[in-house]
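Everything on this sheet refers to the single structure shown next.
The values are calculated or read from the model by the stated rules, or taken from the named source; none is laboratory data. These numbers come from a predicted model, not from an experiment. Cβ placement follows ideal geometry from the backbone for every residue including glycine, while neighbour counts extend to all protein chains displayed. Just so you know, the surface numbers come from the protein's heavy atoms only, side chains and all, with ligands and any DNA or RNA stripped out. Shrake-Rupley method; radii C 1.70, N 1.55, O 1.52, S 1.80 Å.
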Amino acid sequence: MCIFCSIIEGTIPSARVYEDETCLAILDISQVTRGHTLVLPKKHFDNILECDDETLAHLISVTRMLADRIVKNLNAKGCNILVNTNEAAGQSVMHLHFHIIPRYGEEDGLTIEFNPQHEPYDLGEVLKEING
Ligand code: 5GP
Ligand code: ZN
């Protein structure tokens, strides 16, 4: 059984932020910033690409609600909402989860940079390939 399924079952303890029939939100054990929270579906999906629309709609709605609560109550200045998908994108636990990472300032333990390191792509070609 995956580690998040064990947390949902209660065999592994966690700090539960929110729970309903469909999802559970817990504090991330490694707190990238204060209040770093994970929102997970109770049903196991390996990643966002595998998740059904209804569950996903509920998850994003709860994620937004909690992000708002966390930012306000912890006096954050904003937040990053992240979903890593597959190992290549940094996913280490293969059970879908949304990260809510409140942001306070330059000391935050998270940096995201967009650094194009290639010649510009032909966007027309990219569009054709995406849409088949
Ligand atoms: P990923 O890299 O898959 O997007 O994120 C997985 C996250 O799960 C990491 O931020 C990691 O700290 C967190 N995590 C891993 N194991 C546990 C655990 O047992 N309990 C909690 N609360 N978080 C965990
Ligand atoms: Zn699982």
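Of note:
- The eigenvalues of the Cα gyration tensor, multiplied by 5 and square-rooted, give the stretch 3-131 an equivalent ellipsoid with semi-axes of 27, 21, 14 Å from largest to smallest.
- A 1.4 Å probe, protein heavy atoms only, puts the accessible area of Val93 near 30 Å².
- For the chain, averaging the sequence separation of C-alpha pairs within contact (under 8 Å, six or more residues apart) and dividing by the residue count gives a relative contact order of 25 percent.
- Positive contributions from Lys and Arg (+1) and negative ones from Asp and Glu (-1), summed over other residues with Cβ under 10 Å from the Cβ of Ala76, come out at +3.
- Surface composition of the chain: carbon plus sulfur atoms contribute 53% of the solvent-accessible area (1.4 Å probe, protein chains only, all chains present).
- Neighbourhood charge, 10 Å Cβ-Cβ cut-off, centred on Cys5 and excluding it, Lys, Arg +1 and Asp, Glu -1: +1
- With protein chains left intact and a 1.4 Å probe, residues in the chain average 67 Å² of accessible area per residue.
- Calculated [θ] (222 nm, deg cm²/dmol) that DSSP helices of n ≥ 4 give over the chain, each run adding -39,500 (n - 2.57): -9000 deg cm²/dmol
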